[in-house]
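**Q** This is the structure, below, for whatever I ask next.
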Amino acid sequence: MGTNKSTSTVLVMLTGLALSVAAVAVVYVDRATTNVLADHIRAGYPSYGEDRIGEGVRVYTTYLTVLGAIGVIGWAVSLWVSRVRPRVAPWLVTTLFLLGTGVALFNLTIRDTSGETGLAPQIGWVGMLPSIAGLAAVVLVWRESTREPTREATHEAVAR
C-alpha cells in the first residue's frame, strides 16, 4: 500500500515536470522568433549557409525534444514511485537528478569544433532549470524517507 506524499514534494515534482516541458518549448519559441540557436551556430560557423544552419537547428531541436520527453517520463516515474514504493523513491529520485543534471551540464558546457559551446548559453541555462526542482525533490524525498516507519516497526507497534 502506498503512502501519501507531502503536498510540497508533489508540487516540486510537478514543477520539475513543467520546467522540463518549458525548456523544450523555449527551443521551439526561439526557432519561431528570436533564432538565438541559429545565430549561435552562424557565429561559430560563419562559412555555413542557411541550409546547414537550419540543419543544425533541426538536429538540436530534435535532440532537446527527446531529452525533454525523457525528463517528463523521469518526473512521472518519480511521482509514481514516491507514492507506491516510498523506500525506493529517494534512490530513484537521486539517480534521476544526477543523470539529468549531468546531461544538462554537458549541454551547457560542451564545446563543438568551432571552440564555442554547442548550444547557445541562453538555451543551455534554461535546460538547467529542471535540475533546481530536482535538487529540491531529492531533499524532500530523503527527508520524508527518514520520517516513515519501516514495515517492521509498523508490525511491532501493531503487535504491542
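**Q** For a quick check: sort Ser82, Ser131, Ser8 by the number of other beta carbons within 10 angstrom, fewest at the front.
**A** Final ranking by Cβ density, sparse to dense: Ser8, Ser131, Ser82.
**Q** Add -39500 (n - 2.57) for each DSSP H run of 4 or more in the chain, then divide by its residues: what number comes out at 222 nm, to the nearest 500 deg cm²/dmol?
**A** About -27500 deg cm²/dmol.
**Q** What full-extension length gain, to one decimal in nm, is calculated for Arg111 and Thr33 as 0.36 nm per residue of separation minus the Cα-Cα distance?
**A** Contour length minus the Cα-Cα distance gives 25.6 nm.
**Q** I've got another one for you. Order these by the 10 Å Cβ neighbour count, fewest first: Phe97, Phe106.
**A** By the 10 Å Cβ count, ascending: Phe106, Phe97.
**Q** Further question: Tell me which label goes with the value of P(r) over Cα pairs in 10 Å bins from 0, in percent computed from the coordinates here: (1) 10, 34, 24, 16, 9, 4, 2, 0; (2) 10, 39, 33, 11, 5, 2, 0; (3) 7, 8, 7, 7, 7, 6, 6, 6, 5, 5, 5, 4, 4, 4, 3, 3, 3, 2, 2, 2, 1, 1, 0, 0.
**A** (1)
**Q** What list of ³J(HN,Hα) values in whole Hz, one per residue of region 67-74 in order, does the Karplus curve 6.51 cos²θ - 1.76 cosθ + 1.60 (θ = phi - 60°) give from phi, with Gly and Pro shown as x?
**A** 4, x, 5, 5, x, 4, 4, x
**Q** Could you check the simple spin-label distance between Leu135 and Ile70, using points 7 Å along Cα→Cβ, in nm with one decimal?
**A** Label-label distance for Leu135 and Ile70, simple model: 2.2 nm.
Any read-out appearing in this document is the output of simple, stated calculations on the displayed coordinates, not a laboratory observation. What you see is a predicted model; the values in this text were computed from it and never measured. Reconstructed Cβ throughout: ideal geometry from the backbone, glycine too, with neighbour counts over all protein chains shown.
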